[in-house]
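Step one of this worksheet: look at the structure below.
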Amino acid sequence: MKDLLTSYYWSGDAIRSRSVSDVVLWGTVDVPEPPARLTADWEREIATRMVLEPGDVEALPLARARTRWPDYKRCVQAASDWTRTLGLLEALAASDVALMACRGAKYHHDGAQYGGAAFCNLFLSEDKGLDVHFPVAGHCIPLVRGTVLIFDTGQPHAVIRRGGSGFDAADFAPDKDCTQLFLTWELPIEDADVGRVLQVAFDTDPSTASQLDEEQVRVNGARASLCPDSGRWRAAD
């Protein structure tokens, strides 16, 4: 039997409940390769100012990157055009954007920090033999330059070696070129178009929501944690 996931998130001054969508939307758009000097800048930032261990996902300075990235607007436009084909008219343009780097990603969900959002990610790096894996939804999506996807922040996911059965830190050893760069937008889950395309049901458990004071995802009504290596749910610590 499929687990029932419920997200409890801040909506204004109150916690609201909703379903966690297992819909994952993805495609490939035409985005230019970032210029060599910008890529070199990112590599220096990661090597000298960040501790990007296997499985980590960290933010890079976007404002500085934009000054050296003539095709930044073209990348944003490509993502915007794609979301419009899905019926998301203004959600991306009105959303916050960040530049992220990951060296793989352990299985996790983001519903404890971003329960009021869906993520739209646009990958900028070349194909390095990695997939983003959604174990609950059952999707394994190849990461290439131009891969774009939208998913519920409460949906468990990881970045793993293509063909792998789970996250293995050895696949992301220091001597391997496996860092992925991507832009990410926080799309408001309560936006009518976002909720519709992800098929989210709202106020699914108002009685529990009224008793909570923090965002969280519950599995079959109980607190649970996610195994970072396998993506399987287990009883909360």
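Laid out as a table, the results:
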{"read-out": "Residue satisfying all of: in segment 1-54; acidic (Asp, Glu) and in contact with a Ser or Thr (Cβ under 9 Å, 6 or more places away or on another chain); modelled with the highest pLDDT among these", "value": "Glu33"}
{"read-out": "Some residue of segment 147-158 being touching an Asp or Glu at 6+ places or on another chain (Cβ under 8 Å) and of a type in the set (Gly, Ala, Ser)", "value": "yes"}
{"read-out": "Scan of segment 191-204 for residues that are farther than 17 Å from Gly12 by Cβ and either surrounded by fewer than 18 Cβ atoms within 10 Å (Cβ to Cβ) or basic (Lys, Arg) (or both), ordered by number", "value": "Asp193, Arg196, Gln199, Ala201, Thr204"}
{"read-out": "Lone qualifier among Thr28, Thr39, Thr67 - being under 30 Å from Cys227 (Cα atoms) and of a type in the set (S, T, N, Q)", "value": "Thr28"}
{"read-out": "Given (1) in a loop (DSSP other than H, G, I, E, B); (2) touching a helix residue (DSSP H, G or I) at 6+ places or on another chain (Cβ under 9 Å); (3) crowded, with 22+ Cβ neighbours inside 10 Å, index of the condition Gly154 fails", "value": "(2)"}
{"read-out": "Close pairs (8 angstrom Cβ cut-off, 6 or more residues apart or separate chains): without any contact (Cβ under 8 Å) to a residue 12 or more places away in the chain and within 26 Å of Asp110 (Cα to Cα) in segment 50-73, in a loop (DSSP other than H, G, I, E, B) and among the hydrophobic types (A, V, I, L, M, F, W, C) anywhere", "value": "none"}
{"read-out": "Among residues of segment 4-27, those that are assigned to a loop (DSSP other than H, G, I, E, B) and surrounded by 14 or more Cβ atoms within 10 Å (Cβ to Cβ), counted", "value": "5"}
{"read-out": "Of all residues making up segment 30-60, the number that are among the β-branched types (Val, Ile, Thr) and surrounded by fewer than 18 Cβ atoms within 10 Å (Cβ to Cβ)", "value": "4"}
{"read-out": "Matching residues, segment 28-78, being part of a loop (DSSP other than H, G, I, E, B), within 20 Å of Trp185 (Cβ to Cβ) and touching a helix residue (DSSP H, G or I) at 6+ places or on another chain (Cβ under 9 Å)", "value": "Val29, Asp30, Val31, Pro32, Pro34, Pro61, Trp69"}
{"read-out": "Enumeration of residues in segment 88-115 that are closer than 20 Å to Pro135 by Cα, in contact with a Pro (Cβ under 9 Å, 6 or more places away or on another chain) and either part of a loop (DSSP other than H, G, I, E, B) or of a type in the set (Phe, Trp, Tyr) (or both)", "value": "Arg103, Gly104, Tyr107, His109"}
{"read-out": "Single condition Ala112 does not satisfy, out of (1) in contact with a strand residue (DSSP E or B) (Cβ under 6 Å, 6 or more places away or on another chain); (2) closer than 29 Å to Asp175 by Cα", "value": "(2)"}
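The values are calculated or read from the model by the stated rules, or taken from the named source; none is laboratory data. The structure displayed is predicted, hence computed values, not measured ones. Reconstructed Cβ throughout: ideal geometry from the backbone, glycine too, with neighbour counts over all protein chains shown.
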